[in-house]
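Here the structure comes first, spelled out in structure tokens, and everything after it is commentary.
The values are calculated or read from the model by the stated rules, or taken from the named source; none is laboratory data. Model, not experiment: these values are computed from the prediction. With ideal geometry, Cβ positions are generated from the backbone for all residues, glycine too; neighbour counts draw on all protein chains shown. With ligands, DNA and RNA removed, areas are computed over all heavy atoms of the protein, side chains included. Shrake-Rupley method; radii C 1.70, N 1.55, O 1.52, S 1.80 Å.
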Amino acid sequence: MIMTFSILIVDDSKPMRSVIKKTFRAAGYGSSDFLEAGNGLEALERLQESWVDIVISDYTMPEMNGLALLQAMKQDDLFRAIPVVVITTEGSKQRIDQFMASGAAGYIKKPFTPEQVRDMITTILGESNEDVDTDDDDFDF
Amino acid sequence: MKTLTPTMMTSISEVMETMFFLPLEEKEGSNVEEVLGSGSLHACTISFTGAFTGTMALVAQEPLLLAMTENFMGETRESLGQTDLEETLQEALNMIAGNCFSKVDPDSVVDLGVPQIENTLDHTLFQGHLVVVTTEGMLAALSTLTGTSRNPKGS
């Protein structure tokens, strides 16, 4: 039986949300349900509506950024157990320490490769048991 | 006025190859006029504050931006709209800026603004600045520091 997950992608850029979905499919999570939000506030609304297994969030967004979303989730009894991975262009050590100290399950720096995303996600969700059309460890989006 | 140009070039190369599958080409004698004087252009700026304060800008030829968007989103050219192109350019500049600052000084925090599409960018600002060539077209890049509490490597 194929394990499927519910994955919430939070980014104000539609192209970036497409790229992240593509990356998940390439990593073997293509049967999962993908929910999308354009900022932290929309993400909290999605979380009220549906259970998700993991949140993948950008940092810089209008209305509510990724750090504020992470902090809001960690203060909520229902949402605090949901792992949050921050995908960000912010590469400073101080900022990354801030994400991790706020409870992020991990972070991925842009630009990223599909392998980096796959490695992070399998660490958190476990290995996908879907068939993936890859050539050894190298695969394209 | 300082610039981040040398590091920006490295960041453009990494972002273009990793996210857009467009390796840069070596081309002698490319200049900004070649980019700015050819057909439809798309421009975007991003401001930044913190350890460094200033602006970065990108101007891309439309065929290049179409190829970038197509590769990025994995959708056919016919299905792409103006918003897709603009958001792709914004995301590209956002990644280039973030990547650039993490190379210049990984210990510094720089707050990036939201990238803005510019319909009336003063192209003369780009004179003498970076030109990047790919198989699909060219883009020009500009970085200007108006303030810094750090010493950018390679400036």
Item to check | Centroid-to-centroid separation of segment B:99-121 and segment A:1-77 [C-alpha atoms, Å] | outcome: 24
Item to check | Accessible area, probe 1.4 Å, largest first, for residues B:Leu36, A:Leu69 | outcome: B:Leu36, A:Leu69
Checklist entry - Any idea of the total accessible area buried by the B-A contact, 1.4 Å probe, rounded to 100 Å²? => result 2000
Checklist outcome for this item: Spelling it out for A:Leu35: with amide H atoms placed in the peptide plane at 1.01 Å from N, the residues 5 or more places away or on another chain with amide H under 5 Å from its amide H are A:Ile7, A:Leu8, A:Ile9
Checklist entry - Averaged across the residues of A:58-64, what count of C-beta atoms belonging to other chains lies within 10 Å of each residue's C-beta? => result 2
Checklist entry - Okay, helix-only estimate at 222 nm for chain A: each DSSP H run of n ≥ 4 adds -39500 (n - 2.57), divide by all residues, round to 500 deg cm²/dmol; what do you get? => result -10500 deg cm²/dmol
Checklist outcome for this item: Comparing each residue of segment A:18-34 in the complete protein assembly with the chain by itself (heavy atoms, probe 1.4 Å, ligands and nucleic acids ignored), those losing at least 20 Å² of accessible area are A:Ser18, A:Val19, A:Lys22
Checklist outcome for this item: Shielding of B:64-72 by other chains, given as the mean Cβ count within 10 Å, works out to 1
Checklist outcome for this item: Hull volume per residue for segment A:6-125, using the convex hull of the C-alpha atoms, in Å³ is 91
Checklist outcome for this item: Expected integer from the mean partner chain Cβ neighbour count at 10 Å over B:9-20 is 2
Item to check | Sparsely packed GluC sites (Glu not before Pro) within segment B:41-104, loop by DSSP, other Cβ within 10 Å at most 15 | outcome: B:Glu75
